[in-house]
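Derivation of every value follows stated rules applied to the coordinates shown; laboratory data play no part. Keep in mind that this is a model prediction, so the values were computed, not measured. In this analysis, Cβ positions are derived from the backbone assuming ideal geometry, glycine residues included, and neighbour counts consider all displayed protein chains.
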Amino acid sequence: MTQTNSSTAVPSGLTCGGTVTYNRTTGNETISSGTYNNLSIGDGSAGRTQTLGGAVTVTSDLTINATSTFSVSSSNYQVNIEGNWINNGAAFAANSGTVVFDGTSTQDISGATATDFNSLTLSNSSGLTLSSDENINGTLTLTTGKVTLGTSNLVFGTAAAPVAGILNASNMVLASGSGQVRKLMSSNGSFAF
């Protein structure tokens, strides 16, 4: 299903199989709340913003396409994702929103563009792998599972909070390769992860 400027809006609360692509070619667009199998945002047209109109659950992959901006809106709607997050877009406008990775198999964050998450929650005992550098400007909450860095960096912004959740051998950030956990500081000081 493709949502374009000439289509009837996808009804809110709908459960959509297959891939739903929001790719209005003129103006900005609202993404309906509901459950999507695969959610594809944007068509590569410069300057387009697709904004959540409610909370969404993606049971497979969420893809932000080149030059598109995906916004959680000023209402900070939550995104639950059970598959992979692929950001090839211009930006993810996280505002004060939360993205929850709650799949049952290992999930991955990848793409050509680093995502600036506000808050990210991992609730997947199989874990989350970073295949590209990613940023957290709010809180990383580890409910269950490990965030594995590999060769990618996880960067905490200047306003980021310490890692939340119960940290132990099953719930942690694992630097398994050359990837690093970094903290940006606005002045000299220390930070406890």
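The magnitude of the dipole of the chain, with charges of +1 and -1 set on the Cβ of Lys/Arg and Asp/Glu and taken from the Cα centre, is near 240 debye.
A Gaussian network model of the chain, with springs between Cα atoms under 10 Å, assigns the largest mean-square fluctuation among Thr26, Thr57, Thr49 to Thr26. Once the Cα-Cα distance is subtracted from the 0.36 nm per residue extended length, the Ser126 to Ala159 segment shows a gain of 9.0 nm. With Kirkwood radius over Cα pairs in Å defined as stated, name the option among (1) 19.7; (2) 25.6; (3) 16.9 computed from the structure displayed. Here the calculated entry is (3).
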